Amino acid sequence: MHSNHLHALAYAGQTLDIPTIGIVRCYNHQPESQTVKDIQRMGMAIIKWHPERYQSKHTNETRNRLHQAFPDALIIPEGGAEYSAMAGFSHLFNQIAPTLHTPIDYFVTPVGTGTTLAGCIYASKALTAFQNTQFIGIAAVKDRPSIMKRCHDWLPSSLVKRITLYDDYTFGGFAKVKPALAKFMIEFEEQNALLLDPVYTAKMFYAIQNLVTQGVIKQTSRILCLHTGGLQGRPPLIKKILRLANTKDN
């Protein structure tokens with residue numbers, strides 16, 4: 001319901017005039033999120049699957065049924081999690097590289113499936129500023145085995161060794177928010193004039209601040225953070241964020 005991947009795919013389909021269909025994990029009668037409303041407005045047809053059914057998304061049986069139902073479709077895994085997605089990150093780093101004049105100590109990105117993390121490492125491997133960079137992933141959901149398996153499958157071991165994945169900043173799970181995160185998000189936005197989304201980027205910046213405070217990351221480090229968007233889903237959640245930020249609980 002809060003998938004940045006579906007939102008981007010719907011936009012691409014609208015722009016390129018390619019029909020798109022999104023399978024959305026949600027409960028029966030669950031109100032549609034702003035993201036789901038957006039993707040439908042952009043022309044994406046949606047199919048709603050109950051979370052129990054959605055758990056079978058990676059099985060051969062489910063894939064075969066999808067191919068039978070949509071024989072002419074390109075079936076894209078959740079989060080675009082496949083090796084062919086890696087090539088797309090070169091466009092991002094071709095834009096970043098000219099702005100960097102000194103080496104980057106840490107590159108930090110939010111993590112869902114791990115595709116963005118692996119793709120960024122893959123795209124940056126030949127760039128001078130990233131030759132000794134440590135890559136940090138802040139997981140939005142506790143799924144370390146699957147995330148690291150993709151990294152091992154797609155990247156040489158020399159690059160995998162430069163990854164540190166933290167999955168203890170999920171605040172209860174995917175798209176979950178607790179008062180401590182809400183308070184941080186409001187204060188961060190006021191201090192930096194940079195909007196965050198509570199699903200991914202707020203958790204990433206919270207983690208970075210915490211790691212610097214703990215001394216895991218030195219204060220003098222050059223850190224490059226990837227803001228992965230998600231702001232389309234922010235407005236409906238801001239009332240909840242403000243309410244949680246004003247509570248005394250953590």
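Observations on the model:
- Distance between modelled label sites at residue 153 and residue 97, nm, 7 Å Cα→Cβ extension: 2.8 nm
- Carbon plus sulfur fraction of accessible area for the stretch 141-250, probe 1.4 Å, in percent: 51 percent
- The alpha carbon gyration tensor of the stretch 153-238 gives principal lengths a ≥ b ≥ c with a/c of 1.5 or higher and a/b greater than b/c, which makes the shape prolate.
- Inter-centroid distance (Cα atoms) of the stretch 1-69 relative to the stretch 139-170, Å: 25 Å
- Summed over the residues of the stretch 1-128 and divided among them, the accessible surface reaches 59 Å² per residue at a probe radius of 1.4 Å.
- Taking the centroid of alpha carbons for each part, the stretch 197-250 and the stretch 89-104 are 23 Å apart.
- Net length gained if the chain between residue 161 and residue 128 were fully extended (0.36 nm per residue, minus Cα distance): 10.0 nm
- Global geometry of the stretch 32-71, whether rounded, prolate or oblate, following the gyration tensor of its Cα atoms and the 1.5 cut on a/c: oblate
- Rounded, prolate or oblate (a/c below 1.5 giving rounded, otherwise prolate when a/b exceeds b/c) for the stretch 74-227 by Cα gyration tensor: oblate
- Burial order of peptide ranges 194-205, 126-137 (average beta-carbon count within 10 Å, highest first): 194-205, 126-137
- Counting protein heavy atoms only, the stretch 1-112 has 53 percent of its accessible area on carbon and sulfur, 1.4 angstrom probe.
- Mean Cα-pair separation over length for the chain, i.e. relative contact order, pairs under 8 Å, 6 or more apart, %: 18 percent
- Violating pairs (Cα-Cα greater than 19 angstrom) within the set 125/203; 142/178; 125/161: 125/203
- On the basis of the beta-carbon distance and an R0 of 25 Å, residue 14 and residue 75 show a calculated FRET efficiency of 0.80.
- The stretch 1-115 - Rg over Rh from alpha carbon coordinates, Kirkwood radius: 1.03
The values are calculated or read from the model by the stated rules, or taken from the named source; none is laboratory data. Keep in mind it's a predicted model, so treat the numbers as computed, not measured. Backbone-built Cβ (ideal geometry, glycine too); neighbour counts: all protein chains shown. These accessible areas exclude ligands, DNA and RNA; they are computed on the full protein's heavy atoms, side chains included. Shrake-Rupley method; radii C 1.70, N 1.55, O 1.52, S 1.80 Å.
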